[in-house]
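Peer 1: Below are the structure tokens for one structure; questions will follow.
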Amino acid sequence: MKNTVKARKPVSSQSKFIFFCLLPAILMVGMFTFYPFFRGIGMAFQNYTLFDLTDIHFIGLDNFKTIFEQPQFLQALSNSFYWVFVSLIFQFVIGFILALLLKKPFKGRGVYQGFIFYSWAMSGFLIGIIWRWMLNGQIGVINDLLLKVGLIEERIGFLSDPKWSLASVIVANVWYGIAFFAIMLLAALQSIPDDLYESAGIDGANWFHKLFYVTIPYIMPTIIASTLLRVIWIFNFPDIIYAMTNGGPAGSTHILATYMMDKIMFGGDYGQAGAAGVIMIILLAMYTIFYLTATKSGKGADF
Amino acid sequence: MKHRLQSLGISLKVLFLSLFLIVMVFPLYWITITSLKPSDEIFSIPLQYWPAHITFDNFINIFNISNFHIYIMNSLIVSLTASLVVLMIAVLSAYVLARYHFKGNKQIMYAFFLTQMIPAFIGFAPLYIMMSHFGLLNKLYSLMIVYTAGLIPFCTIMLRGFFQRIPSSLEEAAMIDGCSRLSALLRVILPVMLPGIAATFIFAFVQNWNELFLSIMFIDQESSKTIPVAINGFITKFNIDWGPMSAGAVLSVIPTIIIFAFCQKMIVGGLTQGAEKG
């Protein structure tokens, strides 16, 4: 905020300018993001189904009671935790290793980055479609490769067998998210001044010391901010699962986000969908507060 | 000893980087190869890792069995319009939020950050009802409106970061020379910010091009379908015809991959810088 223009013209003209510059943004976001959002929360407490729009009325917490009695919802709830944290850990660790390896310039680094970061430009939906094809139980290429290498003796129904389905969609999600961490962490790594390493080297620090006493502490704000945002993002990300299994087989890959989309698009029960949404918000709020207190740093999310 | 360790480290590094390259590129390779195979070869075992006969039948087919040219046009119209509009709106709001102290500045930023965290689909059912009230279901306008609104917060946050990196002396000088606030912004600041604006535009375009759920909800009519809606239509309850599906997937990915190939540096730079400032 150092670059603020000092008021030189009369205040009224300046505040008019501010007002008219902000008006379109606030109107649009208010009307098409916040209004539907609060409306959706309101629906959580209403009997609101597409099949009977004449009978919309307040029913208190009934929608919550109903969904908590559905095994599918409870499974989606526990799946959400695996989906988020297993995906996050692998995305982060692999992305971090990659960023470390890409830190020093080498011949062809730019081209290499292009080839591994391109997934950013693809939609989660398409990535799900492609992985669905590769993981096909009869003619999928991954089965073929595993058979060739000798790791399996029979083809696995990765997406049709509930034992494998959740792990399979998580693998696709890990693949998709590595680039995000690699990009973010690489940018942070490149901002570390070289003399920090030099003086650590003079003090006799080896590679591991440098990693844990120089690199990681220096980029901690980025690590905190990017993992925090990523958890929220993965939690709210139904696209890959929708494309690969649409929650099946037998609900074994539903997470809360896909469960809710399913209620809206195929179930037509806006009330129950809203209830699932409210539970998601509560979980996200609890997580964010817990995470920011545990890391004791507003630095990452400071703006 | 030390020398040996070093060369071991380098070979490990090369090994990891090559393995990773294969893992990242293979899915795109595989869907492309599939789209170039004749349909009997797609479903035959042993799998061909390089098609025995390369054919464009699947691509020709997809234009015959569906109106794919219409879907491409619709996707282009919606994505370009929404990205341009969002840019115009976000430039104004970002500029004001970056440059002026006023009551509510912080609150607006908080509200914009909040939109990035809340699960967007809580609002989908109400949006659907709104669009049906406005009579906009099955019309491309519905998508342009919701895409624009949905991207304003993130693009504002991103552009605000760019504005903050430009010294305000620039427009102060222009205003002393008699420029109005608006023309100082348009004529002096925006040209300096072109890379940031381009990065924001590309980000918005890719997001719009890829959006799935809102378009599935709002659009059901052939003449208004966008590419994701059409591809979603190729998924039937029990089966997918992988010939046209792979061709459709390749076609839909081409524009964003080309954009990415040409502007990779700018996009990555723009996103990470924006994030650092944000």
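Peer 1: Whether any residue in the stretch A:166-177 is more than 19 Å from the chain's Cα centre (by Cα) and among the β-branched types (V, I, T) is what I want to check.
Peer 2: No, the stretch A:166-177 contains no residue that is more than 19 Å from the chain's Cα centre (by Cα) and among the β-branched types (V, I, T).
Peer 1: Quickly run through the stretch B:11-23 and pick out the residues that are within 10 Å of chain A (Cβ to nearest Cβ), over 19 Å from A:I142 (Cβ atoms) and among the aliphatic types (A, V, I, L, M).
Peer 2: Scanning the stretch B:11-23 gives B:L12, B:V14, B:L17.
Peer 1: I'd like the full set of residues that are charged (D, E, K, R) and part of a helix (DSSP H, G or I), limited to the stretch B:172-188.
Peer 2: B:E172, B:R181, B:R187
Peer 1: Looking at A:I18, A:I89, A:I67, A:I56, can you tell me which residue is surrounded by fewer than 18 Cβ atoms within 10 Å (Cβ to Cβ), in contact with a Phe, Trp or Tyr (Cβ under 6 Å, 6 or more places away or on another chain) and not polar (S, T, N, Q)?
Peer 2: One residue alone meets the criteria, A:I56.
Peer 1: Of the numbered conditions (1) within 9 Å of another protein chain (Cβ to nearest Cβ); (2) closer than 27 Å to A:R132 by Cα; (3) open to solvent by less than 60 Å² (accessible area, probe 1.4 Å), B:A94 satisfies every one except a single condition; which is it?
Peer 2: Going through the list (1) within 9 Å of another protein chain (Cβ to nearest Cβ); (2) closer than 27 Å to A:R132 by Cα; (3) open to solvent by less than 60 Å² (accessible area, probe 1.4 Å), B:A94 breaks only (2).
Peer 1: Given (1) more than 11 Å from chain B (Cβ to nearest Cβ); (2) not in a helix (DSSP H, G or I), identify the lone condition not met by A:F106.
Peer 2: Result: A:F106 passes all but (1).
Peer 1: Evaluate the following for B:G150: is it facing chain A (nearest Cβ under 7 Å) and either open to solvent by less than 10 Å² (accessible area, probe 1.4 Å) or not aromatic (F, W, Y) (or both)?
Peer 2: yes
Peer 1: Could you list all residues from the stretch A:138-169 that are more than 13 Å from chain B (Cβ to nearest Cβ), outside any helix (DSSP H, G or I) and open to solvent by less than 80 Å² (accessible area, probe 1.4 Å)?
Peer 2: If the condition is that a residue be more than 13 Å from chain B (Cβ to nearest Cβ), outside any helix (DSSP H, G or I) and open to solvent by less than 80 Å² (accessible area, probe 1.4 Å), then A:G150, A:I152, A:I156, A:G157, A:F158, A:D161 are the ones that fit.
Peer 1: Taking A:R132 as meeting all but one of (1) closer than 25 Å to B:Q207 by Cα; (2) in contact (Cβ under 8 Å) with a residue 40 or more places away in the chain; (3) open to solvent by less than 30 Å² (accessible area, probe 1.4 Å), write down the number of the exception.
Peer 2: With (1) closer than 25 Å to B:Q207 by Cα; (2) in contact (Cβ under 8 Å) with a residue 40 or more places away in the chain; (3) open to solvent by less than 30 Å² (accessible area, probe 1.4 Å) applied to A:R132, the lone miss is (3).
Peer 1: Let me ask you something else. How many residues, within the stretch B:97-107, are crowded, with 18+ Cβ neighbours inside 10 Å and more than 7 Å from chain A (Cβ to nearest Cβ)?
Peer 2: Looking only at that region, the number is 2.
Peer 1: Among the residues of the stretch A:70-82 satisfying the criterion of being open to solvent by less than 50 Å² (accessible area, probe 1.4 Å) and either out of contact with any Leu (no Cβ under 7 Å at 6 or more places or on another chain) or at pLDDT below 85 (or both), which is farthest from the other protein chains (Cβ to nearest Cβ)?
Peer 2: Selected residue: A:Q70.
Peer 1: Condition first: more than 8 Å from chain B (Cβ to nearest Cβ) and of a type in the set (G, A, S). Now tell me which residues in the stretch A:244-276 satisfy that.
Peer 2: A:G247, A:G248, A:A250, A:G251, A:S252, A:G267, A:G268, A:G271, A:A275, A:A276
Peer 1: Further, regarding this structure: Quick one: is B:M245 assigned to a helix (DSSP H, G or I), modelled with pLDDT of 90 or more and open to solvent by 10 Å² or more (accessible area, probe 1.4 Å)?
Peer 2: no
Peer 1: Follow-up question, since we're still on this one. In this structure, is A:Y197 at pLDDT 90 or above, open to solvent by 30 Å² or more (accessible area, probe 1.4 Å) and of a type in the set (S, T, Y)?
Peer 2: In short, no.
Peer 1: Go through (1) out of contact with any helix residue (DSSP H, G or I) (no Cβ under 8 Å at 6 or more places or on another chain); (2) not in a helix (DSSP H, G or I) for B:K106 and report which single condition fails.
Peer 2: Condition not satisfied by B:K106: (2).
Peer 1: Tell me the residue from B:Y71, B:Y100, B:Y29, B:Y49 that is more than 30 Å from A:A99 (Cβ to Cβ), at pLDDT 95 or above and of a type in the set (F, W, Y), please.
Peer 2: On inspection, the qualifying residue turns out to be B:Y71.
Peer 1: Here is a further query. Taking the residues in the stretch B:189-204 that are open to solvent by 10 Å² or more (accessible area, probe 1.4 Å) and within 12 Å of another protein chain (Cβ to nearest Cβ) as candidates, determine which candidate is farthest from the chain's Cα centre (by Cα).
Peer 2: Per the criteria, the residue is B:I202.
Peer 1: Does A:A172 fit the bill of being touching a helix residue (DSSP H, G or I) at 6+ places or on another chain (Cβ under 6 Å) and not in a loop (DSSP other than H, G, I, E, B)?
Peer 2: yes
Peer 1: Name the single residue that is nearest to the other protein chains (Cβ to nearest Cβ) among those in the stretch B:118-136 being crowded, with 17+ Cβ neighbours inside 10 Å and not in a helix (DSSP H, G or I).
Peer 2: Here the residue is B:P119.
Peer 1: Continuing with this model, one more query. Just name the residue that is farthest from the chain's Cα centre (by Cα) out of those in the stretch B:163-172 that are touching a residue at least 12 places away in the same chain (Cβ under 8 Å) and open to solvent by 20 Å² or more (accessible area, probe 1.4 Å).
Peer 2: Among those residues, the one meeting the criterion is B:L170.
Peer 1: Please enumerate the residues belonging to the stretch B:205-225 that are in contact with a helix residue (DSSP H, G or I) (Cβ under 6 Å, 6 or more places away or on another chain), open to solvent by 10 Å² or more (accessible area, probe 1.4 Å) and either assigned to a loop (DSSP other than H, G, I, E, B) or not assigned by TED's automatic domain parsing to the domain that holds B:T81 (or both).
Peer 2: Of everything in the stretch B:205-225, just one residue is in contact with a helix residue (DSSP H, G or I) (Cβ under 6 Å, 6 or more places away or on another chain), open to solvent by 10 Å² or more (accessible area, probe 1.4 Å) and either assigned to a loop (DSSP other than H, G, I, E, B) or not assigned by TED's automatic domain parsing to the domain that holds B:T81 (or both), namely B:K225.
Peer 1: Would you check if B:S169 is more than 11 Å from chain A (Cβ to nearest Cβ) and over 22 Å from B:L143 (Cα atoms)?
Peer 2: When the stated conditions are applied, B:S169 does not pass them.
Peer 1: Looking at (1) open to solvent by 20 Å² or more (accessible area, probe 1.4 Å); (2) β-branched (V, I, T); (3) within 11 Å of another protein chain (Cβ to nearest Cβ), which is the one condition that is false for B:I77?
Peer 2: (3)
Peer 1: Check every one of the helices (runs of 4 or more DSSP H) wholly within the stretch A:207-303 and list those with 1 or more residues that are more than 20 Å from the chain's Cα centre (by Cα).
Peer 2: Output list reads A:207-210, A:270-294.
Peer 1: Within the stretch A:117-126, is even one residue within 11 Å of chain B (Cβ to nearest Cβ), without any contact (Cβ under 8 Å) to a residue 40 or more places away in the chain and small (G, A, S)?
Peer 2: Within the stretch A:117-126 (the criterion being within 11 Å of chain B (Cβ to nearest Cβ), without any contact (Cβ under 8 Å) to a residue 40 or more places away in the chain and small (G, A, S)), the answer is yes, since at least one residue qualifies.
Peer 1: Hey, does the stretch A:83-93 have a residue that's within 13 Å of chain B (Cβ to nearest Cβ), in contact with a Pro (Cβ under 9 Å, 6 or more places away or on another chain) and β-branched (V, I, T)?
Peer 2: Checked the stretch A:83-93: no residue is within 13 Å of chain B (Cβ to nearest Cβ), in contact with a Pro (Cβ under 9 Å, 6 or more places away or on another chain) and β-branched (V, I, T).
Peer 1: Which one is least open to solvent (accessible area, probe 1.4 Å), of the residues in the stretch A:205-232 that are hydroxyl-bearing (S, T, Y) and farther than 17 Å from A:A179 by Cβ?
Peer 2: Result: A:T215.
The values are calculated or read from the model by the stated rules, or taken from the named source; none is laboratory data. All values derive from a computational prediction rather than experimental measurement. Every residue, glycine among them, receives a Cβ derived from its backbone with ideal geometry; neighbour counts consider all protein chains shown. Remember, those area values only see protein heavy atoms, side chains included, never the ligands or the DNA or RNA. Shrake-Rupley method; radii C 1.70, N 1.55, O 1.52, S 1.80 Å.
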